[in-house]
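The values are calculated or read from the model by the stated rules, or taken from the named source; none is laboratory data. These numbers were taken from a predicted model, which means no experiment stands behind them. Reconstructed Cβ throughout: ideal geometry from the backbone, glycine too, with neighbour counts over all protein chains shown.
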Amino acid sequence: MRIYFDNAATTALSEGVWHRMCEVLKNDFGNPSSIHHFGRVSRSIIEDARKKVAKSIGAGIGEIFFTSSATEANNTILQRSVVDLGVKRFISSPTEHHCVLHTLQHIQKENADIEIIWLNVNRQGQIDLSELQSLLSNGSSKTMVSLMYGNNEIGTIHDIEKVGNLCQTYGAYLHCDAVQMIGKYPVDVQLLKVSFLTGTAHKFHGPKGSGFFFMNNDNIIHPFIYGGSQERNMRAGTENVAGIAGLAQAIVEAHETMDERKSHIQKLKERFEEKLISEVDDVIFNHAEGEACMYHISSVSFAASPMADMLMFNLDIEGIAASSGSACSAGIAEDSHVLTAIGHPSGRKTVRFSFSKYNTAEEVDIVVNKIKKLMTPK
C-alpha cells in the first residue's frame with residue numbers, strides 16, 4: 001500500500017479533468033491561431049477557460065493570461081515590471097518560493113540600481129505589517145511588494161488583504177504568488193487589491209504545465225516570451241489547449257466542492273497532528289496555528305536523533321510519500337531557506353505532510369503508526 005502525503009508538491013489529476021483533457025486531445029487538435037473551423041473550436045475552448053478562471057478569482061476576462069507554469073508567470077511579472085513599470089525597489093520575504101527569490105536576485109544582479117528589501121519573519125514565517133508600512137511610507141522609488149499568499153513549505157498564510165490596503169495607500173504594486181491558495185480558499189483579486197496574481201493547475205488536481213496570471217488593467221506589462229501574438233500579444237507560443245481546458249475544469253470542480261474538500265482535509269490534518277503529538281515525543285510544528293495556516297499542510301519538526309535523520313528515507317521505503325524540509329547539497333542535508341529564515345532549531349529534522357481530498361483517516365492512522373515505529377529507538 002502506498003500513501004501520498006505530498007499534495008503541496010503536486011496533486012493527482014481528478015477524473016473529471018482527465019476526461020475533459022482526453023476529449024480535447026482527441027477531438028480538438030486545431031491550432032487556436034488558425035481561422036478555419038478547427039482553429040476556432042480550439043480558440044473557443046481557451047476563451048471559455050479564461051472566463052471560468054476569471055470568474056473564480058473575481059477578475060475581468062481580459063485580465064487573465066495563460067502560461068506554462070506559475071514559475072513562468074512570476075518571472076514574467078517581476079522582470080517586466082522593472083522594464084515596463086519602472087519598478088526600482090522590491091519588498092519581499094526570505095520565505096518566498098525559489099521562483100521569486102532567484103528571480104529577484106537575478107534582477108538585482110542585472111540591474112545595479114535595483115533595491116531588494118527582505119522583510120523580517122517570525123518563527124512561524126509571519127511578516128510584521130508595521131515594518132512593511134514603515135518601508136512603504138519612507139521610500140521614494142517605484143515599489144513592488146512580492147509576497148506569496150500561503151507558504152508552500154510551512155503553510156503560514158500572509159494577510160494579503162491588509163498588505164493590499166497598505167500598497168494601495170502608498171502607491172506600491174502588489175504581486176501575489178497564490179499557488180497554494182487557489183482552489184482551496186476563496187481568492188478575490190478585487191478584495192485583495194493585487195496588481196498581479198499567479199496560479200497553477202497541478203496544485204488543485206489539474207495538469208502540470210498549465211498556469212496563469214492575473215494582471216490588473218491599470219498595470220500593463222509587455223511580453224516576457226516573444227514570437228507570435230498569442231494571449232493577446234502577452235505570451236507567445238502555441239497554446240496548450242488541453243492543459244488550459246484541464247485547468248479550467250479543475251478550478252470549476254474546486255470551487256463547486258470547496259467547503260466539502262476543506263472540511264474533509266482539515267479533519268485529516270487535525271487528526272494527524274493530534275495523534276502525532278500523543279504518539280511521538282518532542283514534536284513541534286513550524287507553522288502558525290488555526291486559520292493562520294493552510295488547512296492542507298502540516299510542517300512537522302522532529303527532535304534530533306539518528307532516527308529523525310533517516311525518517312524521510314525510511315518513510316519512502318514504507319511506501320509513504322512526504323516532503324523533506326531540507327535541501328541536499330553534496331550529500332549533506334541542510335535546512336531549506338524557509339526553515340533557516342524562521343530560525344528552525346539546528347539539529348531538528350522537518351518533514352512536510354500535505355493532504356488532499358483523496359486521502360483518508362485510515363491513511364493518517366497508518367502513517368502516524370509508521371512514524372512512531374520509525375522514531376522509536378531499537
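Of the conditions (1) hydrophobic (A, V, I, L, M, F, W, C); (2) in contact (Cβ under 8 Å) with a residue 24 or more places away in the chain; (3) touching a Pro at 6+ places or on another chain (Cβ under 8 Å), residue 236 fails just one. Which one is it?
(2)
Being touching a residue at least 40 places away in the same chain (Cβ under 8 Å), outside any loop (DSSP other than H, G, I, E, B) and either surrounded by fewer than 16 Cβ atoms within 10 Å (Cβ to Cβ) or not hydrophobic (A, V, I, L, M, F, W, C) (or both) is the filter here, so list the residues in region 1-17 that pass it.
4, 6, 16, listed by residue number.
Quick check: is even one residue across region 21-44 within 27 Å of residue 358 (Cβ to Cβ) and in contact with a Gly (Cβ under 6 Å, 6 or more places away or on another chain)?
Yes: region 21-44 contains one or more residues that are within 27 Å of residue 358 (Cβ to Cβ) and in contact with a Gly (Cβ under 6 Å, 6 or more places away or on another chain).
Are any of the residues in region 50-73 in contact with a Ser or Thr (Cβ under 6 Å, 6 or more places away or on another chain), surrounded by 13 or more Cβ atoms within 10 Å (Cβ to Cβ) and part of a helix (DSSP H, G or I)?
Our first condition is that a residue be in contact with a Ser or Thr (Cβ under 6 Å, 6 or more places away or on another chain); within region 50-73, this holds for 69-70, 73.
In the following step, the residues that additionally are surrounded by 13 or more Cβ atoms within 10 Å (Cβ to Cβ) were identified as 69-70, 73.
Then drop every residue that is not part of a helix (DSSP H, G or I), which leaves 70, 73.
Yes, there is a match, as at least one residue in region 50-73 is in contact with a Ser or Thr (Cβ under 6 Å, 6 or more places away or on another chain), surrounded by 13 or more Cβ atoms within 10 Å (Cβ to Cβ) and part of a helix (DSSP H, G or I).
What are the residue pairs meeting all of these: first residue in region 299-319, first residue in contact (Cβ under 8 Å) with a residue 24 or more places away in the chain, second residue acidic (Asp, Glu), Cβ atoms under 7 Å, and 6 or more apart or on different chains?
Partner pairs satisfying both residue conditions: 299/153; 303/281; 303/282.
Applying the selection to region 270-321, what residues are more than 23 Å from residue 341 (Cβ to Cβ), in a helix (DSSP H, G or I) and among the charged types (D, E, K, R)?
Once the filter is applied, which keeps residues that are more than 23 Å from residue 341 (Cβ to Cβ), in a helix (DSSP H, G or I) and among the charged types (D, E, K, R), region 270-321 yields 270, 271, 274, 275, 279, 316.
Looking at 254, 292, can you tell me which residue is in contact with a helix residue (DSSP H, G or I) (Cβ under 9 Å, 6 or more places away or on another chain) and either crowded, with 17+ Cβ neighbours inside 10 Å or in contact (Cβ under 8 Å) with a residue 60 or more places away in the chain (or both)? If you could, list the steps in order and put the result at the bottom.
Values: 292 fails: in contact with a helix residue (DSSP H, G or I) (Cβ under 9 Å, 6 or more places away or on another chain).
It is 254.
Here are 100, 41, 24: which of them is in contact (Cβ under 8 Å) with a residue 12 or more places away in the chain, under 30 Å from residue 268 (Cβ atoms), in a helix (DSSP H, G or I) and in contact with a helix residue (DSSP H, G or I) (Cβ under 9 Å, 6 or more places away or on another chain)?
100
When the residues of region 322-340 are narrowed to those that are modelled with pLDDT under 70 and part of a strand (DSSP E or B), which ends up farthest from residue 8 (Cα to Cα)?
Checked region 322-340; the qualifying residue farthest from residue 8 (Cα to Cα) is 332.
From the set of residues in region 127-169 that are more than 27 Å from residue 6 (Cβ to Cβ) and touching a His at 6+ places or on another chain (Cβ under 9 Å), which is surrounded by the most Cβ atoms within 10 Å (Cβ to Cβ)?
Checked region 127-169; the qualifying residue surrounded by the most Cβ atoms within 10 Å (Cβ to Cβ) is 145.
Could you tell me whether any residue of region 194-214 is closer than 25 Å to residue 162 by Cβ and at pLDDT below 95?
No, because not a single residue in region 194-214 is closer than 25 Å to residue 162 by Cβ and at pLDDT below 95.
Among the residues that make up region 115-125, is at least one of them part of a helix (DSSP H, G or I) and either among the β-branched types (Val, Ile, Thr) or farther than 23 Å from residue 243 by Cβ (or both)?
No, every residue in region 115-125 fails to be part of a helix (DSSP H, G or I) and either among the β-branched types (Val, Ile, Thr) or farther than 23 Å from residue 243 by Cβ (or both).
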